[in-house]
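The values are calculated or read from the model by the stated rules, or taken from the named source; none is laboratory data. Note that this is a predicted model, so its numbers are computed, not measured. Counting neighbours? That spans all protein chains shown, and the Cβs are built from the backbone with ideal geometry, glycine included. The area values use the complete protein model at the heavy-atom level, side chains included, leaving out ligands, DNA and RNA. Shrake-Rupley method; radii C 1.70, N 1.55, O 1.52, S 1.80 Å.
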Amino acid sequence: MCAAVKRYIFRRLLHSALTLLGITLFTFVLLRLVPGDPARLILPENAPPAEVSHMRKLLGLDEPLYVQYYLYMRDLARADFGTSFQYSVPAIELVLERLPETIRLSLSAIALTVALAVPAGIVAAVRRQTLFDFGAMLAAIFGQSIPNFWLGLMLILLFSVNMHWLPVSGASTWLHYVLPTITLAAYLMALVARLTRSSMLEVLRQDYVRTARAKGLAQRVVLWRHALKNAAIPIVTVVGMQIGTLLGGAVVTETIFNWPGIGKLVIEAIWRRDYPIVQAVLLLSAFAFVAINLIVDLLYTYLDPRIRYQ
Amino acid sequence: MVRKLRDLGLSRRGFLKGSAAAVGALGLGVARKASAQSAAGRPRPTGELVVGLSEDWQVLDPAAHFYIAAYTVHSHFYDPLVEWDEQGNMVPMLAESWKSLDDRTWEFKLRRGVKFHNGEPFTAESVKFTLERIIDPQVKSAQAFLWAPLQSVEVKDDHTAIIRTKSTFGSLLSTMTMTGMLPAKAAKEPGFFAKPAGTGAFRITRVVKGDRIEMEANTDWWKGQPRLAKLTFRFIVEASTRAASLLGGETHVVDRISPDVMRQIERSARHTVARKRSVESQIIGFHCGKKPFSDVRVRQAFNYGVDKEALVKDILLGHSTVADAPMAPDVFGYAKQQPYPYDIAKAKALLKEAGYADGSPEVELIVMKGTYIKGLEVSEAIAGHLAKIGAKVKVNDMEVARHREARAAGNFDFYFAGWATMTRDADFALWRNFHAGEATITGNQLRYANKDVDKLIEQGQQTIDPQARKRVYADAQRLIWRDCPWLFLYWPELIHGVDKRVRGFRQEPNNITLVRDAWLE
């Protein structure tokens, strides 16, 4: 690895650390600006004010905001993400308990996308203006415009309630993955298929593709080695960004399928103003995002040697 | 089943009574008999029952919550000293008998030979530890306020606990029904509440927070071994997923089914619905401390101006009862009042008398997003009704946390909410809502003040004789009904979706889903 690349990586790491620091401050302040008192949500309705202030004290919410932030950062430095207000256990424990389910679901959605949408996009581009192209792009428009909560509910009604083929909810067996994966991947597949198609179309018009063909290379080689590698940059970017997003939890899909993942955890935590959980999830998902962005940027330099950062 | 019974000409009430009796006979009855005989008389526990709950129980510490779902789940592995039976009688659980020695002293004789799941014996020490822990300021207790009158618990001997209170504690027994007993030794260990041991019918085997809790039969249960070998509670927040999980065969009992989904379940050959009137009052709370609702005439006008019958019939499809008292009939101390009829002319006259011309007052009704069945639809219909008496109502659907903040801060005109009297005692229903003299102590969010009501509520707290308490609470309810700090709406019906093979399942009026004595046929 050359020195320039090393310097580049170092600089990117520094940027990433600063970004994460900014995110801790931003989420910390933002959460507390939203109206709603966590203490009041633990106590029953009509709880006496004295009880509420006692609970605020127990939760550490009676300190001034800057002190709370200082304490939060101090604990964070020791990898202590705080104790969940509602569950009274370390927030990170809850997040790590849920993370594997979210990762598994996200990866299966990404795998489905890459396996179906990328080839579909390529074929649609190569056989432009054919029935396949129209069909694939029509399906893509549907995939992008159908709200996923509706799709999820329809899939449950059809395959679980009526046909009894697939389970409704939970994450115990591979069968449990089928419907949530389709629901989660629907939008992503549509996006990636369309992107692949347009990106391929652009590349296929380039001179070097014509040159490759003129050299007498096989269609397969032209497509995979010359065209796709160049068309891949926007696809890799989008898929990478989506992994980051998915790791933060697919709130709607997880809620509909009662998937024990991060999304369901964080949405409940937001309703209940369980700051430590929300902060832990946001920070981890920001971390994933930043890390994936870094990896994607490094992949660029591999995919296109002209891309070099100074 | 419901439809069949209806075909037989049974009324809803008749059906409920009948089913209560049947369930009692099948469930509790059998359990009692078994405990009277011996555990050996009962068949070996078999089968697994899965219950889908709409709310997350969050914690397994009996002091740290005040959620219906937590009570439901806890009731299966903890036992209280006493509990309500289906007819509303106080019956023994871990206490064999009890009496008040004087106004501030109670003696509880405890059941012998009861063991916690970890083997620790249940003794008066458990009672002392459990109750004193609730009022310990170091403990993150959500129930300290309920037990505020408690002074101390004295261990007279292993099987006798003496409870002393600072003042007369009229609702001690009903409060006791909510408190599962803890093993005094083990519960002091760190991490105990991750997988606690109770004395209950089931012992916890696995906990996935925010998702599920799995239990197995406690074959040494003092009431005789349960009939189910395994019991799982799952938290399924999304209503349609909950219904689908039942219809898809993944769950056997699910709670909070809305009336429109109910029909879908009734159409299924393998499923039915169970219904019961709850102890929840669906109400609209007025801010009695500021205009326009500081004027009792405006509050009365609004009570006359809403067609409650229509709300129940058209929006709730009949699955609620129009309220005729501030609290529901299954609450101890309930006293029936004369409902405010739907009377536009009278409502208009009252508003005029209070000085409001047509097109006023202009008020905002805040609703708790997604919390109450058909809450937003009902609120919008109410705004429509009130437009007919000249009032302008803007409906604002607020997230729960914001709604509660607005109410605490007094930053509202009136709010749509429900009040579930979990302890099934008038004190909890009235003191918590209407005792205004101590607005800062009780957190009376209505800012309602009537000295006579305050006095009666205090009297009820300081009286132990049930009949005398009933009389006091009847007087209090009459005054509250006249002053209408609430717009009295209806008592919603609890609707559970149930697999037809499930027997012995109980819907408690205080919303608790009880499958302790259930089995699968």
Consider B:A381 carefully, then state whether it is open to solvent by 20 Å² or more (accessible area, probe 1.4 Å), out of contact with any Ser or Thr (no Cβ under 7 Å at 6 or more places or on another chain), farther than 26 Å from B:M176 by Cβ and facing chain A (nearest Cβ under 10 Å). no
Quick one: is B:E250 more than 20 Å from the chain's Cα centre (by Cα), among the acidic types (D, E) and not in a loop (DSSP other than H, G, I, E, B)? no
Is it the case, given these coordinates, that B:G285 is more than 11 Å from chain A (Cβ to nearest Cβ), of a type in the set (G, A, S), out of contact with any His (no Cβ under 7 Å at 6 or more places or on another chain) and over 18 Å from B:Q507 (Cβ atoms)? no
Would you mind stating whether A:L43 is more than 12 Å from every other protein chain (Cβ to nearest Cβ) and of a type outside the set (F, W, Y)? no
Going by the structure shown, is B:E107 at pLDDT 95 or above, open to solvent by 10 Å² or more (accessible area, probe 1.4 Å), out of contact with any strand residue (DSSP E or B) (no Cβ under 9 Å at 6 or more places or on another chain) and not hydroxyl-bearing (S, T, Y)? no
Quick check on this structure: which one of A:L65, A:L61, A:L99, A:L151 is over 30 Å from B:A409 (Cβ atoms) and modelled with pLDDT of 90 or more? A:L151
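Which is within 14 Å of chain A (Cβ to nearest Cβ) and within 30 Å of B:V82 (Cα to Cα), of B:F505, B:F412, B:F416, B:F428? Step through it out loud before you land on a result.
Values: B:F505 fails: within 14 Å of chain A (Cβ to nearest Cβ); B:F412 fails: within 30 Å of B:V82 (Cα to Cα); B:F416 fails: within 30 Å of B:V82 (Cα to Cα).
So the residue among B:F505, B:F412, B:F416, B:F428 that is within 14 Å of chain A (Cβ to nearest Cβ) and within 30 Å of B:V82 (Cα to Cα) is B:F428.
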Is it fair to say A:A109 is within 21 Å of the chain's Cα centre (by Cα), at pLDDT 90 or above and closer than 30 Å to A:L223 by Cα? yes
Being part of a loop (DSSP other than H, G, I, E, B) and either acidic (D, E) or open to solvent by 40 Å² or more (accessible area, probe 1.4 Å) (or both) narrows B:G390, B:G355 down to just B:G355
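A quick yes/no check of all residues on (1) open to solvent by less than 60 Å² (accessible area, probe 1.4 Å); (2) more than 26 Å from the chain's Cα centre (by Cα):
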{"site": "A:A117", "(1), (2)": "yes, no"}
{"site": "A:L138", "(1), (2)": "no, no"}
{"site": "A:I141", "(1), (2)": "no, no"}
{"site": "A:L157", "(1), (2)": "no, yes"}
{"site": "A:S160", "(1), (2)": "yes, yes"}
Which numbered condition trips up A:Q219, out of (1) surrounded by 13 or more Cβ atoms within 10 Å (Cβ to Cβ); (2) more than 14 Å from chain B (Cβ to nearest Cβ)? (1)
Only one of B:V367, B:V395 that is buried (at least 20 other Cβ atoms within 10 Å of the Cβ), β-branched (V, I, T) and assigned to a strand (DSSP E or B): B:V367
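Let's see how each residue does on (1) modelled with pLDDT of 90 or more; (2) open to solvent by 10 Å² or more (accessible area, probe 1.4 Å); (3) over 15 Å from the mean Cα position of the chain (by Cα):
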site: B:T423; (1), (2), (3): no, no, no
site: B:R447; (1), (2), (3): no, yes, yes
site: B:K451; (1), (2), (3): no, yes, yes
site: B:A474; (1), (2), (3): yes, yes, yes
site: B:G497; (1), (2), (3): yes, no, yes
site: B:E508; (1), (2), (3): no, yes, no
site: B:T513; (1), (2), (3): yes, no, no
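For (1) buried (at least 19 other Cβ atoms within 10 Å of the Cβ); (2) within 14 Å of chain B (Cβ to nearest Cβ); (3) touching an Asp or Glu at 6+ places or on another chain (Cβ under 7 Å), each residue gets a yes or a no:
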| residue | (1), (2), (3) |
| --- | --- |
| A:G60 | no, yes, no |
| A:F85 | yes, yes, yes |
| A:V95 | yes, yes, no |
| A:L99 | yes, yes, no |
| A:T102 | yes, yes, no |
What are the residues in the stretch A:240-283 that are within 10 Å of another protein chain (Cβ to nearest Cβ), closer than 23 Å to B:T251 by Cα and small (G, A, S), if any? A:G261
Might you let me know whether the stretch B:475-484 holds any residue that is in contact with a strand residue (DSSP E or B) (Cβ under 8 Å, 6 or more places away or on another chain), touching a residue at least 12 places away in the same chain (Cβ under 8 Å) and of a type in the set (D, E)? no
Please identify the pairs in which a residue from the stretch A:62-73 that is in contact (Cβ under 8 Å) with a residue 40 or more places away in the chain has its Cβ atom under 8 Å from the Cβ atom of a residue that is of a type in the set (S, T, Y) and open to solvent by less than 50 Å² (accessible area, probe 1.4 Å), counting only partners at least 6 apart or on another chain. A:Y72/A:T24; A:M73/A:T24
Would the stretch B:247-255 turn up any residue that is open to solvent by 10 Å² or more (accessible area, probe 1.4 Å), within 16 Å of A:G170 (Cα to Cα), small (G, A, S) and within 13 Å of chain A (Cβ to nearest Cβ)? yes
Which of the following residues is among the aliphatic types (A, V, I, L, M) and without any contact (Cβ under 8 Å) to a residue 24 or more places away in the chain: B:A244, B:A301, B:A335? B:A244
Assuming A:V266 fulfils every condition listed in (1) touching a residue at least 24 places away in the same chain (Cβ under 8 Å); (2) part of a helix (DSSP H, G or I); (3) among the hydrophobic types (A, V, I, L, M, F, W, C) apart from one, which condition is it? (1)
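Would you check if B:T232 is outside any loop (DSSP other than H, G, I, E, B), within 24 Å of the chain's Cα centre (by Cα) and either over 21 Å from B:E521 (Cβ atoms) or of a type outside the set (G, A, S) (or both)? Write out each step before concluding.
On the way: outside any loop (DSSP other than H, G, I, E, B): yes; within 24 Å of the chain's Cα centre (by Cα): yes; either over 21 Å from B:E521 (Cβ atoms) or of a type outside the set (G, A, S) (or both): yes.
It is true that B:T232 is outside any loop (DSSP other than H, G, I, E, B), within 24 Å of the chain's Cα centre (by Cα) and either over 21 Å from B:E521 (Cβ atoms) or of a type outside the set (G, A, S) (or both).
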Could you tell me whether any residue of the stretch B:223-239 is touching a Leu at 6+ places or on another chain (Cβ under 9 Å), over 25 Å from B:H76 (Cα atoms) and within 14 Å of another protein chain (Cβ to nearest Cβ)? no
Restricting to the stretch B:171-207, and then to whatever is open to solvent by less than 20 Å² (accessible area, probe 1.4 Å) and in a strand (DSSP E or B), can you tell me which residue is nearest to the other protein chains (Cβ to nearest Cβ)? B:I204
Scanning the stretch A:227-257 for residues that are touching a residue at least 40 places away in the same chain (Cβ under 8 Å), part of a helix (DSSP H, G or I) and closer than 16 Å to A:I103 by Cβ gives A:V239, A:G240, A:Q242, A:I243, A:G244, A:T245, A:L246, A:L247, A:T253, A:E254
Do the conditions hold for A:V89, that is, is it in contact with a strand residue (DSSP E or B) (Cβ under 8 Å, 6 or more places away or on another chain), more than 24 Å from A:I292 (Cα to Cα), without any contact (Cβ under 8 Å) to a residue 60 or more places away in the chain and facing chain B (nearest Cβ under 10 Å)? yes
Using the structure shown, decide if A:Y8 is more than 9 Å from chain B (Cβ to nearest Cβ), touching a residue at least 24 places away in the same chain (Cβ under 8 Å) and in a helix (DSSP H, G or I). yes
Among the numbered criteria (1) more than 9 Å from chain B (Cβ to nearest Cβ); (2) in contact (Cβ under 8 Å) with a residue 24 or more places away in the chain; (3) closer than 24 Å to A:S285 by Cα, which single criterion is violated by A:G121? (3)
